[in-house]
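Read-outs: derived from the displayed coordinates by stated rules, not from any lab. Just so it is clear, the model here is predicted, and its values are computed rather than measured. Glycine gets a Cβ as well: all are built from the backbone with ideal geometry, and neighbour counts include every protein chain shown.
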Amino acid sequence: MYIIGTKLFHHDSAIFILDFQNKEIFALSTERITRVKHDPSFIAPILTGINKDIFKKAKYIVYNPLWERDSLVKNFFYRYGINAKIEKKEHHLCHAASAYYFSPFYGKPTIVFTLDGKGDGKYGTLFLFNKNNYEKISFFKNQYLDNKKIEFYETSIGILYLKFTSVLGLKSKINEKAKLFKRESEIDILKALGNEGKTEALAAYGEPDEKLYSLLKDGYSVDKENLCWNHNFEVLRKLHNIDFLKKWKEKVGDKNFAATIQRWLEDTVVELLNIVYEKYKIPRLAMAGGVVANVIMNLNIFERTPFKEIYIFPAMGDDGTAAGAAVLKAIELGYDISWLKEKEMPYWGPSYTKEEVAKELEKERWKDKIKYTYIGENWQEMAAEMIADGKIIAVFQGRMEFGPRALGNRSVLADPRDPYTREKLNKTIKRRPWFQPFCPSVLEEERERLFEKSYKNKHMTIAFRMKKEFWDKLPSAIHIDGTARPQFVEEKDNPNFYRILKKFKERTGYGIVVNTSFNLHGRTIVMTPEDALKDFIDCNIDALFIEGYLIERK
Amino acid sequence: MKEKNNSKKWFEKKDFSKAKNEIEPLPEFYKYKEKAETLEKKFVNIFKNNSFIMYGAGGGGLFFLKAFCEKYNLYPKVILDKEGEKHPNKDFFEVHNLKISKPENETFKRFPQNIPIVISIAKKELQEEIKNNLQLLGFKNLYLISEDIFDYWYLKLWDAI
């Protein structure tokens, strides 16, 4: 019996399937098929590839957000021959459910905090979850700032951060379809979607501007009684005006402009969560929503609030709402979902067998471009040796990650000791802005040695401070401020990846490698062996390890 | 724990444009499609030789513009909307040299009362209200578009069906 959750369309559309008979999960976002980042298309490309038996045996398809019209949704599924019962769930409830039910806190009272651009009229919520029950504590209402109802001219904190990113010129190409019904000004802002991490990175180089910071504080004040933000519309009409922001950027400079929004975001969220803690005295906090991808904000929550057990759903963006939608329905139907917390690592996407890889490698189209050797079960050792020798390698193994982070199954790995690794990665594959750092994967047993106060975070969803004595020893694993966004790896999470790290430690003394997602600049993380070979050929990575095969350029 | 390599149990990547044609829709979908296509044909037959007016420049108006006018290259003489030329969607129409006027504008009242008017508004309650008002002004050839046809157009525009 299956229950299917979806974020039906708009950015980060995705599908999430719960198989209760086998206690298994399959999850996939549309962008991985079309290879357009944050693809806003309907999930149709996924539906054409899903095994049809799943739809026959699916009891429910649950979609979000609520506002999609019922007839549209039904007819969309009818088009693909799907006749399951269709239901809908509220967008932020889906985010919240994803954060709680996959966390280690299931069964214990937990505060759940969601924060994003917008969904179903809100840009965030606070819930109290306890086992299969939840109550909404508060929500953050997203309102248009004038009666013209122009998109993005709204009260949302997530949208405001997006606008700062847009004004900084941190933008990407978007799917042509995303431009449908959008004005030029809206398209321009939309192009910044998914680039907010760059603003966060740039912020480390600047200092907040006092006046702009103070204006932000005037715009949003914490409502201590209702546990939300009050909106000062007069100030927000200025702050959400692109021309107004451009003038501020010119005045204070890019770095300080980025630092101001970042510091204010950290402070305002910390302020709210401290008040929430005072009221509920519950030390567990689970989080989801696009803004929660901000790992420095999360570090501030960890350091400056009494919440000491923190979980962030690895697919914290809208793709993750598909997971929440499916779980909420499962609970309503009385299914036992306690097994979900065992699925710690989001390796929920497609995988490919050695035979499938071999079939791909034999194709004529690759013959002039690559050579390959099957090196079998001990490929991890060779991979670690190559990294230690200064090579940049890509790893493709097992099931693809769900969510934005590559956690060792579709990863590009490099040596964190080499100060030029960032430059090499940018030259070879990534072409990131100069100020954007790369992040490390670290053996869990190295965590306390290398990092200041931290906890076992396996999903690269929070930054921690590296101990100062390692800053010059591992220069490519940290940002300018000494923080890193690590994945702490245990053997049970990913035995192959663990072996790479272990071998690297044997050779170098450090159980840590730089890990960035395996995709060429402007493309999404590779899903299939074909994607992997294509990206490998189009860039200058030294070697690709794919299900026991070593691939090199001819 | 390492997950088994069981991809095909779940999913096999296919060429979307080919694969979607290999999937047989449910009969309900064909009814839906037929309804939309019949309306489109009817509109094409009426509007190809006659001037027409659009009433509504909001979301429904944009759907009609993108899914019908642009597809068949048949554009209205004028678009009416209570917001008039300050309508926030005006840019979408101006690309086609179309202006939005308020219904109280005198030019509108000079149109013959048998001119076809498409009420390009998705909300049913509003459709009825506008239909009644136009009838009171003496206009006879009024065309409504049901919500599911707007939905069909939306799905088509997104290449989702």
For the pairs A:131/A:224; A:171/B:41; A:163/A:224, note any where the Cα-Cα span goes beyond 32 Å.
-> A:171/B:41
Using the 10 angstrom Cβ neighbour count as an exposure proxy, how do A:10, A:479 rank, fewest first?
-> A:10, A:479
Distance in Å, no decimals, from the C-alpha centre of the range A:61-129 to the one of the range A:350-375 is 39 Å
Using alpha carbon centroids, what distance separates the range A:1-55 and the range A:414-430, in Å?
-> 34 Å
On average, how many beta carbons from a partner chain sit within 10 Å of the beta carbon of a residue in B:23-31?
-> 5
Return the whole-Å distance between the Cα centroid of the range B:15-62 and the Cα centroid of the range A:259-303.
-> 47 Å
Can you tell which of A:129, A:164, A:264 lies farthest toward the positive end of the dipole of the protein assembly as shown, using +1 and -1 charges on the Cβ of basic and acidic side chains (Lys, Arg; Asp, Glu)?
-> A:164
Once the in-chain neighbours fewer than 8 apart are removed, the aspartates and glutamates whose Cα is under 15 Å from residue A:458 read A:309, A:342, A:344, A:401, A:444, A:445, A:446, A:448, A:490, A:491, A:493
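Using only DSSP helix segments of four residues or longer, with each worth -39500 (n - 2.57), what per-residue ellipticity at 222 nm results for the protein assembly as shown after dividing by its residue count and rounding to 500? Please list the in-between numbers first.
Values: 28 runs with 260 residues, N = 715.
For the protein assembly as shown, the value works out to -10500 deg cm²/dmol.
Distance check, please: which entries in A:85/B:14; B:42/B:140; A:359/A:534; A:37/A:141; A:503/A:534; A:23/A:57 exceed 21 angstrom between their Cα atoms? Write down the numbers at each step before the final one.
Numbers: A:85/B:14 26 Å; B:42/B:140 17 Å; A:359/A:534 15 Å; A:37/A:141 28 Å; A:503/A:534 28 Å; A:23/A:57 15 Å.
The pairs that break the limit, which is 21 Å between Cα atoms, are A:85/B:14; A:37/A:141; A:503/A:534.
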Peptide ranges A:289-302, B:9-22 listed from the most packed, as the mean C-beta count within 10 angstrom indicates = A:289-302, B:9-22
Taking the Cα atoms only, what angle lies between the long axis of helix B:27-47 and the longest principal axis of chain B, rounded to 10 degrees?
-> 30 degrees
What's the exposure ranking of A:116, A:535, going from fewest to most Cβ atoms within 10 Å?
-> A:535, A:116
Provide a whole-number value for the mean count of partner chain Cβ atoms within 10 Å of the Cβ atoms in peptide A:345-353.
-> 4
Listed with the fewest Cβ neighbours within 10 Å leading, A:460, A:287, A:386, A:1 appear as A:1, A:386, A:460, A:287
Which one of A:113, A:459, A:13 is farthest out on the positive end of the charge dipole of chain A, using unit charges on Cβ (Lys, Arg +1; Asp, Glu -1) and the Cα centre as origin?
-> A:13
Principal-axis tilt of helix B:124-136 within chain B, Cα atoms, nearest 10 degrees = 20 degrees
What does the average come to when, for each residue of peptide A:171-183, you count the partner chain Cβ atoms lying within 10 Å of its Cβ?
-> 2
If unit charges are put on Cβ atoms (+1 for Lys and Arg, -1 for Asp and Glu) and the dipole of the protein assembly as shown is taken about its Cα centre, the option from A:212, A:347, A:302 lying farthest towards the positive end turns out to be A:347
